[in-house]
Amino acid sequence: MDGSCEENRNVTAATPAGWGFCVVRGDTGLGRGRGEVITEGFGRVITEDGASGFIGAEVGSNNTAELNAIAGALQWLLAKGDDDSIVIRADSQYALNIAQGEWRAKKNRALASRVRAMWSEVASLRELSGEHVRAHRGHRWNERADHLAFRAMSGEEPLPLQFWKPGNR
């Protein structure tokens, strides 16, 4: 999963940010493209309280986008409802540590709290762990999530998987 932000400086509620995730069955974790994509999810970070899709982000930033990506994946897992063990791979140590309750958020506390609660709920139903992967280092599924997030932030549809090449935003 990944997040994307247009200008990650002096961010406001109006700063465009997007998130994306892909669910892969049979991936070895090395990101070499093994496995089968089960589903993908993506969207814009919503900062307007009461708007559809709002989960607590105060600003559009890379961090809020990363947390929204984790939330999107967790929502999908809750809706799917099976008990397979899951590894969530993200290139944001910040988002993984917030989601797993290892760090406390200084900003966007409502978003962080919401994501943490969702992580706990999923973890109560199945084995759940987080793993950090290096960004933009050729991990195919992280690159795909980056593409989804970037396109969502830009208001564009992502390329279909069969036409997308790693590194193509």
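Values in this text are rule-based calculations from the coordinates and carry no lab data. Model, not experiment: these values are computed from the prediction. Reconstructed Cβ throughout: ideal geometry from the backbone, glycine too, with neighbour counts over all protein chains shown.
Taking the Cβ of A51 as the centre, find all other residues whose Cβ is under 14 Å away and add up their charges (Lys, Arg: +1; Asp, Glu: -1). Computed value for this residue: -2. Note on E48/T28: beta-carbon distance plugged into 1/(1 + (r/R0)^6) with R0 of 35 Å gives a FRET efficiency of 0.30. Residues L148, L74, L161, arranged from fewest to most other Cβ atoms within 10 angstrom of their Cβ, appear as L161, L74, L148. Checking every one of the trypsin sites (Lys or Arg not before Pro) in the range 1-38 against DSSP loop status and a limit of 15 other Cβ atoms within 10 Å picks out R9, R32, R34. Annotation: the residues I55, I70, sorted from fewest to most other C-beta atoms within 10 Å of their own C-beta, follow the order I55, I70. Amide H contacts of V24: I38, each under 5 Å away and 5 or more positions distant or on a separate chain (H built 1.01 Å from N in the peptide plane; Pro and chain starts excluded). Between T12 and R169, the distance separating the two model label sites (each 7 Å from Cα on the Cα→Cβ line) works out to 2.2 nm.
Database remark: amide H of A17 closer than 5 angstrom to the amide H of V45 (H placed geometrically; neighbours at sequence offset of 5 or more, or on other chains; Pro and chain starts carry no H).
Taken along the Cα-to-beta-carbon direction at a fixed 7 Å, the label points for D82 and E102 span 2.8 nm.
Magnitude of the charge dipole for the range 28-93, about its Cα centre and with charges confined to Cβ atoms of Lys, Arg (+1) and Asp, Glu (-1), is about 260 debye. Legend: ranking of residues L125, L111 from fewest to most surrounding C-beta atoms inside 10 Å; resulting order L125, L111. About the centre of its Cα atoms, the range 2-158 shows a dipole size close to 380 debye [charges on the beta carbon of Lys, Arg (+1) and Asp, Glu (-1) only; nearest 20 debye]. Normalised by the number of residues in the range 2-158, the mean separation of alpha-carbon contacts (under 8 Å, six or more apart) gives a relative contact order of 33 percent.
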